[in-house]
Amino acid sequence: MNSQPTDPPMIEALEGASSLQLYQLKALIEGMLADPRRGIAARASLHLGQPVQLVDFRDGQMRRGKIIAMRDTQATVLEEGTKRTWKIPCVAMQGYTDAERRSEQAPYEPPPEPVTATTKAREFQRGDTVTFDDRDGRNITGVIVRINQRTATIGTGTANGGTWRVPFHMLRHVLDI
């Protein structure tokens, strides 16, 4: 779990407070958090995709995540590690500082190149002699008479063979020797 312990000096300071003082502190904090200027400032400092620290309201633990959606006063955060989503007020999170971001950022690795089919339509033209295997495994040879987006029409030149529509990935060039 990506939690950090609550600040021990803060807990020690609050342990010595009376219940009345804690309740008074709670009222003051809630009033400050309800101030619209604080909410606007918090929202302005956040953006989609930004890594943030947030407080788990259930146990007070600090967690890390990334903002995946935003509204006026709240954001949806995807927590690191657990991949759990949180919908929390913008005032309950803070973006990483530049120093924290630099220390945690891994070096950039570009995404892998997309896998492309080995045989493309561009490799074939009208008039090319090609071969392919039919459904029964027979080797059929013919000439490309038409190029479509995904298939080629192959004329076999025989009266009983006719024409075939064949996907490009099934075709192989025949070399004249």
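Observations on the structure shown:
- Summing charges over all other residues whose Cβ lies under 15 Å from the Cβ of GLY155, with Lys and Arg as +1 and Asp and Glu as -1, gives +1.
- Computed accessible area, ARG38, all protein chains, 1.4 angstrom probe, square angstrom: 110 Å²
The values are calculated or read from the model by the stated rules, or taken from the named source; none is laboratory data. All figures in this text were calculated on a predicted structure; none of them were measured in a lab. No Cβ is skipped: glycine too gets one built from the backbone with ideal geometry, and neighbour counts run over all protein chains shown. Just the protein is used for accessible areas: all its heavy atoms, side chains included, with ligands, DNA and RNA removed. Shrake-Rupley method; radii C 1.70, N 1.55, O 1.52, S 1.80 Å.
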